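Here's the structure, in structure tokens; my notes come after.
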Amino acid sequence: RRILPLVRRLSKERQWVARYEDLRSLMGAWRFLHRWLAIVLLLVVGFIVGPLTGVLQPAADFGILLEPLIAIAVAVILFEGGLSLNFAQVRNTSLAVRRLITWGAAMAFVLTTLAAHFVAGLSWQSAAVLGAILIVTGPTVIMPLLRHARLTSAPASLLRWEAILADPLGALLAMLVFEFLLVANQAASAGHLALSVAGALLWTAIGGYGLARAIASAFVHGRVPEYLKAPLLLTAVVGTYAISDLILGESGLLTVTVLGVTLANTRMASLAELRRFKEMMTVLLVSTVFIVLTASLQISDLRALDTRAFWFLLCLLFVIRPLSVLASTLGSGVALRERALVAWVAPRGVVAVAMAGLFGSGLEDQGIADGALIMPLTFAVVVVTVVIHGFSIRPLAAALGVGGSGAQGVLIVGASPWSAALAAALHELDVAVVIADRNGYRLRHARNAEIAVFYGEILSEVAEHQIDLNQYELLVAATDNYDYNALVCTNFGPEFGRSNVHEIGSGEAVQANQSRAITLGGRPLLASLGGFDELNARIAQGWKFHCTQLTEDFTVEQFDEAASPDRAIVAMLRKKKLVFAGSRALEYDEGDVVISFTPPEGAPENRVTERTA
């Protein structure tokens with residue numbers, strides 16, 4: 001809707017360079033699509049290079065290596081998801097999580113199986129396998145949605161834990177259903193199946209939990225050099241997955257998840273670096289797997305989808321998911337509006353597609369013809385759920401009052417009169433803001449202004465558990481210790497993005513110590529006004545933060561003329577996107593809200609409604 005009119009306008013006027021604003025809007029639309037629909041774009045690319053053009057034919061190009069490569073990629077993805085889950089994060093919703101991945105998953109399995117048989121028209125065998133596959137949600141889809149929607153802790157924790165834990169359980173359930181079908185078709189014995197299940201569970205405990213403890217002990221006691229930790233961990237993931245799969249097919253997904261969750265709950269100093277390495281690998285693997293699996297589809301498979309598939313999707317979205325979540329979490333202590341949001345959001349991802357390709361072909365090999373429909377049906381579920389839930393989660397969260405409103409949140413480290421005044425100005429603009437400090441007495445200014453505070457060390461593990469970082473995308477380090485400010489920005493840079501972490505007094509710090517590496521610290525904020533002491537001295541002299549809306553009646557030129565020559569532009573709010581001033585001056589325009597730090601009687605003329613902190 002945003003791109004096509006711009007393309008038409010540019011094509012008509014043929015002014016590709018001169019129309020800078022149109023090009024900038026076009027790029028903004030592309031970034032919007034890239035952020036929201038990355039997985040859909042990957043699916044489209046896979047469809048183009050696969051079924052549409054035939055450029056990529058995975059079965060012929062990779063041969064017998066295709067399935068093991070996809071399986072290993074899914075194992076690494078699940079391990080990385082487990083590595084991000086700490087039990088302290090789920091203590092407030094643990095009962096709801098247990099019910100969601102047990103009773104909720106069981107209800108979803110039964111209801112989806114019934115819908116697949118009676119609505120989609122699948123045989124009972126294919127319907128049961130599809131029902132097991134679709135109880136999973138995609139962690140590779142859920143995590144970006146949570147970062148964008150900035151939900152409150154309860155629904156965010158529920159969706160995060162369900163996405164990670166339901167994936168291996170769904171894979172294991174699909175595998176058990178498939179193995180049961182083999183027994184029913186006399187392709188395997190019941191005794192062999194029972195022995196395999198027992199052996200797989202035993203290896204999950206030994207290879208998952210035991211190996212994680214051994215690795216943590218070796219890392220903590222320095223038995224493994226730093227440069228070998230990531231390769232050793234990757235080898236451990238692939239090895240435990242392979243051994244578990246030899247015992248019982250697809251049980252390796254559960255083993256590597258246990259391995260990741262156990263490591264996440266150990267105290268290792270190098271865990272953050274390892275997690276970042278796994279995140280980068282996961283991005284590459286997810287992109288590759290989605291394209292390859294989509295390219296494996298055949299046009300004939302997609303043509304087999306009819307109106308029954310449409311009604312099946314409606315049942316899945318509006319009946320099965322809400323009913324299973326609301327019923328299983330009843331009486332769990334989670335508010336109804338939070339449960340309602342969880343009941344709606346359930347995008348499927350790479351694990352569902354991978355399992356559909358694996359078990360669908362297996363059913364075909366057993367003579368069950370409609371097993372070929374499992375892959376295109378799952379493909380349709382992934383596309384529909386990613387698009388619908390991706391676009392609706394934030395408006396629905398805002399409507400239910402569990403997040404999703406306002407601009408990006410700001411985490412301010414360092415309490416002082418200046419930081420409290422800045423937080424008050426941001427709060428007036430409906431920006432989520434919290435001030436963190438190790439000194440409880442310094443937090444009194446923020447408490448008096450009714451600003452959310454965190455009393456403690458922001459770099460501690462306690463802060464990681466008590467502050468929901470999904471609500472914040474910007475950071476301002478504003479303590480009186482410039483080296484500590486640089487440390488905070490360096491620590492949170494990978495989490496927030498290097499361009500979204502700022503520090504006061506960085507100019508003075510660099511002058512005092514020219515040897516600081518460019519990889520340390522964040523972007524300078526108000527460097528021309530000095531550091532901690534100078535900024536707070538100006539607050540004592542009567543300087544204030546002013547939030548000015550630029551309109552047709554109060555233009556940029558009038559704003560600049562009315563302001564004091566000593567004023568400093570701190571930030572700009574444009575369509576709920578907050579941008580702090582850095583080394584370059586901000587370019588604000590009509591419709592923007594400019595946040596300025598001005599001396600007494602230095603505010604712009606009150607031709608617009610101003611909020612003064």
Full-stretch length increase - I48, A60 - with 0.36 nm per residue and alpha-carbon distance subtracted: 2.6 nm
Which of I291, I72 is most accessible, then next, and so on - probe 1.4 Å: I72, I291
Normalised convex hull volume, the range 354-412, alpha-carbon set, Å³ per residue: 114 Å³
Ellipsoid equivalent to the range 131-170 - semi-axes via the Cα gyration tensor, in Å: 20, 10, 7
Calculated FRET value between D533 and R584, using beta carbons and R₀ = 30 Å, to 0.05: 0.75
Evaluated at q = 0.08, 0.11, 0.12 Å⁻¹: base-10 log I(q)/I(0), Debye formula over Cα of the range 308-465: -0.44, -0.69, -0.76
Phi to ³J(HN,Hα) by Karplus 6.51 cos²θ - 1.76 cosθ + 1.60 over the range 164-178, Hz, x for Gly, Pro: 7, 7, 6, 4, x, 5, x, 5, 5, 5, 4, 5, 5, 4, 5
For the range 395-460, fraction of C-alpha pairs farther apart than 17 Å, in %: 42 percent
For K544, residues with placed amide H under 5 Å, excluding near neighbours: T598
Principal semi-axes in Å for the range 280-350 [√(5λ), Cα gyration tensor, largest first]: 31, 21, 7
Karplus 3J(HN,Hα) series, Hz, for the range 388-401 with 6.51 cos²θ - 1.76 cosθ + 1.60 (x for Gly, Pro): 5, 6, x, 7, 9, 5, 6, x, 5, 4, 5, 5, 7, x
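At a Förster radius of 56 Å, what calculated FRET efficiency corresponds to the Cβ-Cβ distance of M268 and Q298, to the nearest 0.05?
Once rounded, the FRET efficiency stands at 0.75.
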Accessible area of D566 in the full protein assembly, 1.4 Å probe (Å², nearest 10): 90 Å²
Mean Cβ count within 10 Å, highest first, over the residues of peptides 40-50, 154-164: 154-164, 40-50
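The values are calculated or read from the model by the stated rules, or taken from the named source; none is laboratory data. This structure is a prediction, so every number in the text was calculated from the model and none was measured. All Cβ positions, even for glycine, are placed from backbone atoms using ideal geometry, and neighbour counts span all protein chains on display. Keep in mind that these areas ignore ligands, DNA and RNA; they rest on the heavy atoms of the full protein, side chains included. Shrake-Rupley method; radii C 1.70, N 1.55, O 1.52, S 1.80 Å.
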